Amino acid sequence: MQKKGMFVMKRRISATVIVFTLLFGMFRAEASDVISGGLSDLAMAAKHYYQTELAEADMVIKRVADEQYKIYYKLKNGNDYYVTLDLKEWGVWNLGDMTIADGIEEKNVVGGSTDWEYVFRVYNPVTQVADFTGGNHGAEEMLWIRFFDDVTGEEFELEVGEEKQVRRLVVEEQTKLHYSSSSDLIYANVTRNYTFVGTRVNLDTKIEFTRDVSMTHSYTAMASVNKSFGRYCSFDGIETVTTSGHGSHNNEYYGKIAAAECTLSGDDETATLTVGIFNKSDMTNNFSNDDKVFLWDMSDDYTKLYFSKYDMSSVTTVKAGEEWNLSTYWQCNVAGEDLYEEVTEEVTETEEAAEEATEAEEYEATEKTAEETEAVTEETTEEVTEEVTEAAAE
């Protein structure tokens, strides 16, 4: 097992880089791009840091089968929450189900039968045929996966049936994206960093393009939500849409709104789901295409939320050497479980205390400087007066 060391340091440096990268990007972007779709990039960077580097919760990760891990968290109301990591048949681990259980009934909030992470529709340069790649569509191979307790820095492995208590779980996975499931040609290297804390999942993904790729409608974050918890969708708290209820669907797309955060809800008040992004430029090109963010009335039982990078109206060439940094969060909202609010309050109190201390120090320094200046002024005045008096006497 690997103890605390370079991995934790690397994550701390990465978080700092994210903050300053987004801060720099804020000054480069047009003002309308920065403020559209909710929080500014700087506020997003701060929120990202709080969620991935400061929040903690008592959790258990268990390997329940060769092809599945469950991350458990005991809710304050006594119910259980868990989210799964599932091994797909093509060898990549993806987010699966998000579920709340009261000991009698399990309520699936997010379904694992379709994508959470990302999906890109790209043209194979040999066949000139476009295929969806990544996410739940395959055409992606895993190189390795690693598990860390991010609080202690310990790396660990679990056999089937084994479990481990963690306070903040980080899963790092590296993959390669192919032009299609039948193609050996690789167009991008991918590093995913999942952070699990309580009822929240954060995903930071770095995509490094190794070949030119022609890309059409593609999505950088998604959520397939049970209509009991996902029939309604609020886009940045500004506009709310309503889809059909359980037992019917109309296949329509709702919204197409520039929104960095969406909250889905239904007729079951047990929970709601908030899905949001931190880096609007890399994830949506600052909402430049017509699809923006939308909710699909997908089936009789599920809706699906999409954050759109490109729509199907055009083809975009992404050049070899380009790099995308994607950052998404999924938060299952249950009364009394807002870890972000708790850690933000703690940080705010600490910052306020630090600010007060700094102001006190600055005041003392100012007073001291004023006293020293006054003393020097008096001394200088006396010397000048003496010199003038002596000169007059002569």
Worksheet item: With respect to the numbered conditions (1) of a type in the set (A, V, I, L, M); (2) open to solvent by 70 Å² or more (accessible area, probe 1.4 Å); (3) modelled with pLDDT of 50 or more; (4) under 23 Å from Phe148 (Cα atoms), which one is the sole condition not fulfilled by Leu39?
Response: (4)
Practice prompt. Among the residues of region 156-190, write down those that are outside any loop (DSSP other than H, G, I, E, B) and either more than 28 Å from Thr127 (Cβ to Cβ) or aromatic (Phe, Trp, Tyr) (or both).
Written response: Phe156, Glu163, Lys164, Gln165, Val166, Leu169, Val170, Val171, Glu172, Glu173, Tyr187
Worksheet entry | From the options Val122, Val126, residue that is in a loop (DSSP other than H, G, I, E, B), over 21 Å from the mean Cα position of the chain (by Cα) and either without any contact (Cβ under 8 Å) to a residue 60 or more places away in the chain or surrounded by 15 or more Cβ atoms within 10 Å (Cβ to Cβ) (or both) | Val126
Discussion item. If a residue must be outside any strand (DSSP E or B) and open to solvent by less than 10 Å² (accessible area, probe 1.4 Å), how many such residues does region 242-286 contain?
Written reply: 8
Item to complete: Taking Phe307 as the residue in question, decide whether it is open to solvent by less than 30 Å² (accessible area, probe 1.4 Å) and either free of Cβ contacts under 8 Å to residues at least 60 places away in the same chain or in a loop (DSSP other than H, G, I, E, B) (or both).
Response: no
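Here's the yes/no breakdown for (1) assigned to a loop (DSSP other than H, G, I, E, B); (2) open to solvent by less than 10 Å² (accessible area, probe 1.4 Å); (3) at pLDDT below 95:
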| site | (1), (2), (3) |
| --- | --- |
| Ala57 | yes, yes, yes |
| Ile61 | no, yes, no |
| Val64 | no, no, no |
| Tyr72 | no, no, no |
| Tyr81 | no, yes, no |
| Trp116 | yes, yes, yes |
Fill in: Those residues of region 310-336 which are among the small types (Gly, Ala, Ser) and either more than 24 Å from Thr195 (Cβ to Cβ) or surrounded by 19 or more Cβ atoms within 10 Å (Cβ to Cβ) (or both), in sequence order
Ser313, Ser314, Ala320, Gly321, Ser327
Worksheet item: Any idea which residue in region 224-241 is surrounded by the most Cβ atoms within 10 Å (Cβ to Cβ), counting only those that are assigned to a strand (DSSP E or B) and either of a type in the set (Val, Ile, Thr) or more than 21 Å from the chain's Cα centre (by Cα) (or both)?
Response: Val225
Discussion item. Of the conditions (1) among the hydrophobic types (A, V, I, L, M, F, W, C); (2) open to solvent by 10 Å² or more (accessible area, probe 1.4 Å); (3) closer than 22 Å to Ile71 by Cβ; (4) part of a loop (DSSP other than H, G, I, E, B), Met142 satisfies every one except a single condition; which number is it?
Written reply: (4)
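The values are calculated or read from the model by the stated rules, or taken from the named source; none is laboratory data. If you're wondering where the values come from, they're calculated on a predicted model, not measured in any experiment. Virtual Cβ from ideal backbone geometry, glycine too; neighbours counted across all protein chains shown. With ligands, DNA and RNA removed, areas are computed over all heavy atoms of the protein, side chains included. Shrake-Rupley method; radii C 1.70, N 1.55, O 1.52, S 1.80 Å.
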